[in-house]
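What follows is a set of notes on a single structure, which appears directly below.
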Amino acid sequence: MSEHVVFLDRSTLKAEVRRPSFAHTWAEYDTTAPGQIVERLADATVAITNKVPLRGDVLAQLPKLKMIGVAATGYDVIDVPACRERGVVVSNIRNYAVHTVPEHAFALILALRRSILAYRHDVERGRWQEVDQFCFFDHPIHDLYGSTLGIFGEGVLGQGTAKIARGFGMKVLFADHSGPKAPGVEFTPVDQVLAESDIISLHCPLTADSRNLFGLAQFRRMKRSAILINTARGGLVNEEDLVTALKEGIIGGAGFDVLTKEPPKEGNPLLDLRLPNFILTPHVAWASDGAMQFLADQLIDNVEAFVRGSPVNTVT
């Protein structure tokens, strides 16, 4: 039997995607709008999506669909309970960004702790030429050595970030939480992590329990000099509260690679921030060339495993 595989948002993946080894037909679209999903998946037995949502009302109109391959680790775009009810297997990507995401997180950390963008801006506007000595000290510069990094999420990305931190001579605290926990990781109560951390980095999935994990209540328990890094999911942080915290100096800064809604075609309060202690990048922490090719290869591995009758990396 030939499978019909449909990739709904191929343009989100800048890598070579090999065709599956089993008998199949293949269709791919650069992007897919919500109103196009049902038509494009009408005959699909396997759907591939990165960010195109597949909710219960859509799944109910796709009786031929047997498997969804998510081209990402996060699968909040998929209605997992609805898939479970309909017997649709969902597989995601595992362990593919173990270097690129932690490296991006530390790029943000270093830039903020050393005020690199603020100093670059000063140089561009001629500040250096105005001073009477060889340098100037308009912005704070903090060492990473001896500082404390609090991590929410102890998966491979959180642990990869911790490994880099220890190389800088930092103390690492993993925030305690309910649910399954990685073996061999020592946990610290959340309030202690908030109070003691100089930097907090988020590496947890977006779920009903973790949505708005950080808001004004959490910011007020952090050090006024602390910075928040989010390379995970935008919905983990209340963005309006973050704007307030940054403008009022409740926390020292923030580096974000994600927004609650992407792309932010209807605007976002973080897009309007013009502060030297805030950096926003366009959800590219995951997107090194090596990581994307690893993802593309595992994506097809997942589909082939399902068709062989031995699904892997399943979330249902």
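The values are calculated or read from the model by the stated rules, or taken from the named source; none is laboratory data. Everything numeric in this text was worked out from a predicted model, so none of it was measured. So basically every Cβ, Gly included, is an ideal-geometry build from the backbone, and we count neighbours across all protein chains shown.
Here are some notes:
- Residues within segment 95-118 that are over 14 Å from residue 158 (Cβ atoms), among the aliphatic types (A, V, I, L, M) and out of contact with any strand residue (DSSP E or B) (no Cβ under 9 Å at 6 or more places or on another chain), tallied: 3
- Only one entry in 97, 72, 111, 105 is at pLDDT below 95 and under 17 Å from residue 201 (Cα atoms), namely 97.
- Of everything listed in (1) modelled with pLDDT of 95 or more; (2) of a type outside the set (Lys, Arg); (3) closer than 21 Å to residue 103 by Cα, the single unmet condition for residue 133 is (3).
- When segment 238-258 is filtered for residues that are acidic (Asp, Glu) and touching a helix residue (DSSP H, G or I) at 6+ places or on another chain (Cβ under 7 Å), the ones remaining, listed by number, are 239, 240, 241, 257.
- Of all residues in segment 87-128, exactly one satisfies the criterion of being polar (S, T, N, Q) and assigned to a helix (DSSP H, G or I), namely 100.
- Remark: residue 289 falls outside the filter, which requires a residue to be surrounded by 16 or more Cβ atoms within 10 Å (Cβ to Cβ) and either charged (D, E, K, R) or at pLDDT 95 or above (or both).
- None of 178, 147 is more than 24 Å from residue 79 (Cα to Cα) and either not hydroxyl-bearing (Ser, Thr, Tyr) or not assigned by TED's automatic domain parsing to the domain that holds residue 51 (or both) except 147.
- Residue match in segment 81-89 (condition: under 27 Å from residue 209 (Cβ atoms), of a type in the set (Lys, Arg), out of contact with any helix residue (DSSP H, G or I) (no Cβ under 9 Å at 6 or more places or on another chain) and at pLDDT 95 or above): yes
- Leading residue by the ranking (surrounded by the fewest Cβ atoms within 10 Å (Cβ to Cβ)) among those in segment 34-45 that are under 23 Å from residue 16 (Cα atoms) and among the aliphatic types (A, V, I, L, M): 44
- With respect to the conditions (1) free of Cβ contacts under 8 Å to residues at least 12 places away in the same chain; (2) in the same structural domain as residue 151 (by TED's automatic domain parsing), residue 114 lacks only one, and its number is (1).
- Search result, residues across segment 245-276 that are out of contact with any Ser or Thr (no Cβ under 8 Å at 6 or more places or on another chain) and polar (S, T, N, Q): 260
- Residue, farthest from the chain's Cα centre (by Cα), within segment 119-176, restricted to residues that are β-branched (Val, Ile, Thr) and more than 28 Å from residue 214 (Cβ to Cβ): 131
- When residues in segment 61-78 are screened for being in a loop (DSSP other than H, G, I, E, B) and touching a residue at least 12 places away in the same chain (Cβ under 8 Å), 12 of them pass.
- A residue that is outside the structural domain of residue 70 (by TED's automatic domain parsing), more than 30 Å from residue 122 (Cα to Cα) and surrounded by fewer than 16 Cβ atoms within 10 Å (Cβ to Cβ) can be found somewhere in segment 264-272.
- Complete set of residues in segment 257-274 that are assigned to a loop (DSSP other than H, G, I, E, B), at pLDDT 95 or above, over 12 Å from the mean Cα position of the chain (by Cα) and closer than 27 Å to residue 119 by Cβ: 268, 273
- When segment 1-30 is filtered for residues that are part of a loop (DSSP other than H, G, I, E, B) and touching a Leu at 6+ places or on another chain (Cβ under 8 Å), the ones remaining, listed by number, are 8, 13, 15, 17, 29.
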